[in-house]
1. Please name whichever of 77, 1, 57 sits farthest to the positive end of the charge dipole of the chain, dipole taken about the Cα centre and charges placed at Cβ: Lys and Arg +1, Asp and Glu -1.
2. Can you give me the solvent accessible area of residue 31 with a 1.4 Å probe, rounded to the nearest 10 Å²?
3. Any chance you could look up the accessible area of residue 19 with a 1.4 Å probe, heavy atoms only, rounded to 10 Å²?
4. Rounded to the nearest 10 Å², what accessible area does residue 82 have for a 1.4 Å probe in the complete protein model?
5. Suppose each label sits 7 Å from its Cα in the direction of the beta carbon; what would the residue 45-residue 30 distance come out to in nanometres?
6. Given all pairs of different Cα atoms, what value in angstroms does the Kirkwood hydrodynamic radius of the chain take?
7. On a full-extension model of 0.36 nm per residue, what is the gain between residue 116 and residue 74, subtracting their alpha-carbon distance, rounded to one decimal in nm?
8. Based on Cβ point charges of +1 for Lys and Arg and -1 for Asp and Glu, what charge dipole magnitude is obtained for the chain about its Cα centre, in debye rounded to the nearest 20?
Amino acid sequence: QVQLVESGGGLVQPGGSLRLSCVVSGSGVSIVSMGWYRQAPGKQREVVALINNIGTTNYADSVKGRFTISRDNAKNTVYLQMNSLAPEDTAVYYCNAVMPYRLPYWGQGTQVTVSS
């Protein structure tokens, strides 16, 4: 059974930083790509950042230049460094992992709140 466990969320003031982590565990893990998504209250879930197994990254326009996604393939871990956080970044952040011939896996989510 594959599990994704996120950590690193919390309350931060505007302009602050947070680093999210997501560890993928389980048997037969062979990750093609990983990503971070977020869902704010009353809004649909949206993609934040993606990274594939060769390190190619993609970002939502709203976070370009502020967020950085990275991964440690040996540890099956993906990170999201979030800088210059703003109130509109407040959301539940979800980790996602894509593997061959399987439906995507999701973590349970971690709350990020940006408020003074």
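The values are calculated or read from the model by the stated rules, or taken from the named source; none is laboratory data. Computed from a prediction, not measured in an experiment: that's the story for all the values here. We place every Cβ from the backbone using ideal geometry, glycine too, and count neighbours over all the protein chains shown. Just the protein is used for accessible areas: all its heavy atoms, side chains included, with ligands, DNA and RNA removed. Shrake-Rupley method; radii C 1.70, N 1.55, O 1.52, S 1.80 Å.
1. 1
2. Accessible surface of residue 31 is approximately 20 Å².
3. Counting only protein heavy atoms, residue 19 exposes about 130 Å² to solvent.
4. We get 0 Å² for residue 82.
5. 2.4 nm
6. Values: mean 1/r = 0.0706 Å⁻¹.
It is 14.2 Å.
7. On the way: separation 42, 0.36 × 42 = 15.12 nm, distance 3.76 nm.
This chain segment gains 11.4 nm when fully extended.
8. Numbers: 9 positive and 6 negative charges, 26 e Å.
Charge dipole of the chain: 120 debye, to the nearest 20.
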